Amino acid sequence: QSALTQPASVSGSPGQSITISCTGTSSDVGNYNLVSWYQHRPGKAPKLVIYDVSKRPSGVSNRFSGSKSGNTASLTISGLQAEDEADYYCCSYAGITYMMFGGGTKLTVL
Amino acid sequence: EVQLVESGGGLVKPGGSLRLSCVASGFTFSNAWMSWVRQAPGKGLEWVGRIKSKTDGGTTDFAAPVKGRFTISRDDSKNTLYLQMNSLKTEDTAVYYCTTDNPVITSFDYWGQGTLVTVSS
């Protein structure tokens, strides 16, 4: 099974909103409401920012939101800040293959 | 504060073996399901394998590329997770992350900073 598809890069200016898409199939994203998103800054441990498609862990800013339509999930970051610059990875439960990640999206804050 | 600290990475020849360790603190390790996730150079994340808590059977599952070559074990008395990697291939070169694997939210809620494994002759 191939990884979930994400754009290689997105960018935005401080204060703007950006959306990162994550496209899978009916065997993963489309079949389960079990999509999570991870923020990975260079040299740091990855951090969970969204789970169950749209839920935020305690302590994660409400500027992060998630959604899903069909086989595509999305992460939206509003009010962009310099500290949001990082790589973002989506992940979906995929049944027998357990968990499938996306290829990652590099977010640049201009 | 939850902390996961991996160690044991290094350079190994193809066909060789390596054991990674992950020391956990800040939560009840014995109750936790744990996974290993890796990232090859320039690539995305890839789930490697998982071990359930002993209460939930202590069973392991692996991704297809490593099944039969990698094993996961845990020592709850030492709050330590292990990844034994045998018959290593060049394509196993990656940073290996230890993560908590939360079955309630089906997510990897805490991660270590990773340890680099390089498989090269």
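Please specify each residue of segment A:22-79 satisfying the condition of being of a type in the set (D, E, K, R), under 22 Å from A:Gly95 (Cβ atoms) and in contact (Cβ under 8 Å) with a residue 24 or more places away in the chain.
Across segment A:22-79, the qualifying residues are A:Asp28, A:Lys68.
Any residue at all in segment A:60-77 that's away from chain B (no Cβ under 14 Å), crowded, with 17+ Cβ neighbours inside 10 Å and assigned to a loop (DSSP other than H, G, I, E, B)?
For segment A:60-77, residues away from chain B (no Cβ under 14 Å), crowded, with 17+ Cβ neighbours inside 10 Å and assigned to a loop (DSSP other than H, G, I, E, B): present.
Output the number of residues of segment B:73-120 satisfying the condition of being without any contact (Cβ under 8 Å) to a residue 40 or more places away in the chain, part of a strand (DSSP E or B) and more than 11 Å from chain A (Cβ to nearest Cβ).
Residues in segment B:73-120 being without any contact (Cβ under 8 Å) to a residue 40 or more places away in the chain, part of a strand (DSSP E or B) and more than 11 Å from chain A (Cβ to nearest Cβ): 2 in total.
From the list A:Pro14, A:Pro57, A:Pro7, A:Pro42, exactly one residue is of a type outside the set (A, V, I, L, M), assigned to a loop (DSSP other than H, G, I, E, B), touching a strand residue (DSSP E or B) at 6+ places or on another chain (Cβ under 7 Å) and open to solvent by 60 Å² or more (accessible area, probe 1.4 Å). Which is it?
One residue alone meets the criteria, A:Pro14.
Restricting attention to segment A:39-46, does a residue exist that is of a type in the set (S, T, N, Q) and more than 12 Å from chain B (Cβ to nearest Cβ)?
Within segment A:39-46 (the criterion being of a type in the set (S, T, N, Q) and more than 12 Å from chain B (Cβ to nearest Cβ)), the answer is no, since none of the residues qualifies.
Are there any pairs, at least 6 apart or on different chains, whose C-beta atoms fall under 8 Å, with the first in segment B:1-23 and on the phi < 0 side of the Ramachandran plot and among the hydroxyl-bearing types (Ser, Thr, Tyr) and the second in a loop (DSSP other than H, G, I, E, B) and modelled with pLDDT of 95 or more, and if so, which?
Close Cβ pairs (under 8 Å, with a partner that is in a loop (DSSP other than H, G, I, E, B) and modelled with pLDDT of 95 or more) amount to B:Ser17/B:Asn86; B:Ser17/B:Ser87; B:Ser17/B:Leu88; B:Ser21/B:Gly8.
Looking at B:Gly9, is it over 30 Å from A:Ser58 (Cβ atoms), away from chain A (no Cβ under 14 Å), of a type outside the set (A, V, I, L, M) and over 12 Å from the mean Cα position of the chain (by Cα)?
Judged against the criteria, B:Gly9 is not a match.
The values are calculated or read from the model by the stated rules, or taken from the named source; none is laboratory data. What you see is a predicted model; the values in this text were computed from it and never measured. As a convention, Cβ positions derive from the backbone with ideal geometry for all residues, glycine included, and neighbour counts pool all protein chains shown. When the accessible area is computed, the model is the full protein with side chains, heavy atoms only, and any ligands, DNA or RNA have been set aside. Shrake-Rupley method; radii C 1.70, N 1.55, O 1.52, S 1.80 Å.
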